[in-house]
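Here's a structure for you.
We did not get these values from a lab; they are worked out from the coordinates using the rules stated. Quick caveat, the model's predicted, so the values are computed rather than measured. Using ideal geometry, Cβ is built from the backbone for each residue, glycine included, and neighbour counts are taken over all protein chains shown.
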């Protein structure tokens, strides 16, 4: 009786991208005293995007023009701080080979750029009349922006916490 033998299969699959030179190079190149600038600068646009949605909802609920004016400032400041965070994130993406070679980094970048377009549109929509701009389009853009911030932040957090991308290895 002959014994059928199956060809041996490896226990794990090899990732051809991980075999490329520079794949393990993930340390930040855009830092201030060892602190990654992109990781530090994303907190403001994230917080301001949620404040924008909150101000719009409070204006809808109360009718107080203060909240419409607060939403205008949150939209503009969130957009401008988002642009600064975007510049440092783009520099990291383009300068660090280990970040550039991962698809998740490109997904994060594409969603973040789309988010900036939504924030900029929301801010521009409010410049001519912030009270009239809230309902319905301002509120809808704010809601879309908050959802996009959640997706962008989730992808960015995954890159930092799971893959250790864009962090400083320390001394």
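Arrange the following residues from fewest to most other Cβ atoms within 10 Å of their Cβ: 152, 167, 107.
Least to most surrounded, the residues fall as 107, 167, 152.
Describe numerically, in nm with one decimal, the distance between label points set 7 Å from Cα along Cα→Cβ at residue 150 and at residue 113.
Calculated label separation equals 2.5 nm.
Would you mind checking the tilt of helix 65-95 against the longest principal axis of the Cα atoms of the chain, expressed as 0 to 90 degrees and rounded to 10?
30
Using only DSSP helix segments of four residues or longer, with each worth -39500 (n - 2.57), what per-residue ellipticity at 222 nm results for the chain after dividing by its residue count and rounding to 500?
It comes out at -21500 deg cm²/dmol, rounded to the nearest 500.
Multiply the residue separation of residue 23 and residue 73 by 0.36 nm, subtract the distance between their alpha-carbon atoms, and state the gained length in nm to one decimal. It would help to have the intermediate numbers written out before the result.
Values: separation 50, 0.36 × 50 = 18.00 nm, distance 4.10 nm.
Value of the extension gain: 13.9 nm.
Between 56, 14, 64, where does the largest GNM mean-square fluctuation fall for the chain, given springs only between Cα atoms within less than 10 Å?
Maximum among the listed residues: 14.
In degrees from 0 to 90, rounded to the nearest 10, what is the angle of the helix 43-62 Cα long axis to the longest principal axis of the chain?
With both axes taken from Cα atoms, the answer is about 40 degrees.
What do you get for the angle between helix 139-161 and the principal long axis of the chain? Use alpha-carbon atoms, 0 to 90 degrees, nearest ten.
30
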